[in-house]
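What follows is a single structure, written as structure tokens, with notes after it.
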Amino acid sequence: MKNKSLRLMVGMVLLVWAFVGHSRRELSAFAAIQSKSSVAERVARVENGLLPAVIVKDQTSAMRIAERMKYYKVPGVSVAVINDGKIEWAKGYGVTEVDGSTPITADTMFQAASISKPVAAMGMLALVEKGLLNLDEDVNAKLRSWKVPDNDLTKDQKVTLRRLASHSAGLTVHGFRGYAPGEAVPSVIQILDGQKPANSAAVRVDLLPGSKWRYSGGGITVMQLLMTEATGKEFPSLMRELVLDKIGMKNSTYEQPLPANKTAKAAMGHRASGEIVKGKFHTYPEMAAAGLWTTPTDLAKFAIEIQQSKAGKSNKVLSQAMIAQMLTKQSGDYGLGIGLGGEGNKASFSHGGSNEGFKCNLFAYSETGQGAVVMTNGDSGSQLAAEIFRSIAREYGWPDFKPTERVAAKVNPEVLKSYVGEYEINGKVVVTTENGKLYLQPPNSGKEELLAASETEFFLTSQNVRLLFKKDERGEVTGVTAYFGAQV
């Protein structure tokens, strides 16, 4: 009897275990389906929730990504979203080339433009940790084939890697336009000396090193030369060894020009008009400053590595201490190779990019494991990317990228006509009227409606800009003052 009872008890236990095991498998499968469904729903909300910089109370509706791509004449966009320290989703939209049929996918490569700089800076810092370079040493101590020309400004304050990476070395040349197919491509030394066939000016010190933040792609090109001379390696292979392979950035390369066997996976650049860039894309021998071809997924891996390294969880390239230096403000709001913002849980790092026919942006939080990368193959892609970021921010509860809300007022069309004319606002702008509405047209850009906040104050929605028209005692317009962002 006891044996029978024991057998019955064991049988019941096994039955319960089997049931529990089966239930767990079902629950696990159900959770996976729910999770997948939840992500798909989030993606759909992001795609259909694009917002301008300024929303008009009771008037502005969210916009769809396909509509905004058409509006901005941007053929292709690729997005990767980081959540909880992982890439939650990545997706491509549109095509690699206007009138083409090759779709943008998560693996399509874009020119990262200036986002090349923080990735290159990570490689430079890896060489510092290896003892091959020194952040605070005069770069001329190790440069061999070319040296920064000394002058009165460099007698006491020197050009160092720390200053180069934080844009505070006092060097000239903001950025580069690259070289179209068929144009001769200069060497790095020709670029630094502004010698033909270089299409940019010579890189020289004209500000006291360390005295001021001023963006300098020329300075990053000095950093590129120093990295190659310190190692005896070509920059693309050096960066693959130091950073790309270690992080798993498999669809990334600093090779310039892009090899023919990789162009099938690449997006082509487009002008603001929607026309393709002549030759489809430019070559950038200024590789560290502008030469990275990559994907949002790979840049998201880069951002995650920074987040994880800061937390001491994944130091594949740099130590926790070195990442802390990278994320410490060195000059203005800039760290070592990357822009910084916010504090505490709102602390963030970011960088934008602008090459001929390509616009992109990377933004991530240092502490919360959130972020996103948006890359486009159009010259108007910055505005589109900003709208996508606002949608992502709203969906994921970010504290940044919140649009400003304004109230629109009705103004007599005759009053609007009094503002028609040309004005000086960072260059000549033209104000016109059409069908009872007021429009602003900046140089080399399309016109945009100016909405009224009052009879004298107007605002744009694409960016947080207000215009205040000045009138004399007779009511005649005497000028206009522009207020940007949070300016009063």
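The values are calculated or read from the model by the stated rules, or taken from the named source; none is laboratory data. All values derive from a computational prediction rather than experimental measurement. Every residue, glycine as well, gets a Cβ built from its backbone with ideal geometry; the counts of neighbours run over all protein chains shown. Side chains included, ligands, DNA and RNA excluded: accessible areas come from the protein's heavy atoms. Shrake-Rupley method; radii C 1.70, N 1.55, O 1.52, S 1.80 Å.
Here are some notes:
- Dipole in debye (nearest 20) - the chain, about Cα centre, beta carbon charges: Lys, Arg +1; Asp, Glu -1: 1720 debye
- Of all DSSP beta bridges in the chain, antiparallel share, percent nearest 5: 95 percent
- Farthest towards the positive end of the charge dipole of the chain, among the residues Val430, Leu299, Gly337, is the Cα of Leu299, using unit charges on the Cβ of Lys, Arg, Asp and Glu.
- Farthest toward the positive end of the dipole of region 193-247, out of Ser237, Ala201, Met223, is the Cα of Ala201, where the dipole comes from beta carbon charges about the Cα centre.
- The Cα trace of region 393-488 gives Rg and Dmax of 14.6, 52 Å, the first to one decimal, the second as a whole number.
- Calculated accessible area for the chain comes out at 47 Å² per residue, all protein chains present (probe 1.4 Å; ligands, DNA, RNA ignored).
- Debye-formula intensities of region 257-398, expressed as log10 I(q)/I(0) at q = 0.18 Å⁻¹, are -1.11 (one equal scatterer per alpha-carbon, no solvent).
- Asn426 versus Asn261: modelled label distance in nm, points set 7 Å from Cα along the beta carbon direction: 4.4 nm
- The chain, helix-only ellipticity at 222 nm - DSSP H runs n ≥ 4, -39,500 (n - 2.57), divided by all residues, nearest 500: -9500 deg cm²/dmol
- A Förster radius of 30 Å, combined with the Cβ-Cβ distance separating Lys233 from Ser445, puts the computed FRET efficiency at roughly 0.10.
- With the convex hull drawn over the C-alpha atoms of region 296-373, the volume per residue is 94 Å³.
- About the Cα centre, charge dipole magnitude for region 295-429 (Lys/Arg +1, Asp/Glu -1 at Cβ), debye: 300 debye
- Extension gain for Ser187 to Glu41 (0.36 nm times residue separation, less C-alpha to C-alpha distance): 47.6 nm.
- Comparing region 37-117 with the 2.2 N^0.38 Å rule of thumb, its C-alpha radius of gyration ratio is 1.25 (two decimals).
- Per-atom-type breakdown for the chain gives carbon and sulfur 52% of the accessible area (1.4 Å probe, protein chains only).
- Projecting the Cα positions of Phe459, Ser445, Val407 onto the charge dipole of region 329-488 (unit charges on Cβ atoms of Lys, Arg, Asp and Glu, taken about the Cα centre) puts Val407 furthest along the positive direction.
- Equivalent-ellipsoid semi-axes of region 219-266, from the Cα gyration tensor, Å, largest first: 21, 13, 9
- FRET E, pair Lys86, Lys155, Förster distance 56 Å, beta-carbon r, rounded to 0.05: 0.65
- Sites listed here are trypsin sites (Lys or Arg not before Pro) in region 108-177 whose DSSP assignment is loop and whose Cβ has at most 10 other Cβ atoms within 10 Å: Arg144, Lys155.
- Label-point gap, in nm, between Gln59 and Trp213 - each point 7 angstrom along Cα→Cβ: 3.5 nm
- Computed Kirkwood radius, in angstrom, where 1/r is averaged over Cα pairs of region 98-217: 16.4 Å
- Student exercise, region 78-183 dipole from Lys, Arg, Asp, Glu Cβ charges, in Debye to nearest 20: 320 debye
- Spin-label model distance (nm) - Lys470 vs Ser273, 7 Å beyond Cα toward Cβ: 3.7 nm
- Filter on Lys417/Lys470; Lys155/Lys310; Lys73/Lys265 - keep pairs with C-alpha separation over 26 Å: Lys155/Lys310
- Over the chain, the hull volume per residue, using the convex hull of the C-alpha atoms, is 215 Å³.
- In region 94-214, Cα pairs under 8 Å separated by at least six residues give a relative contact order of 22 percent.
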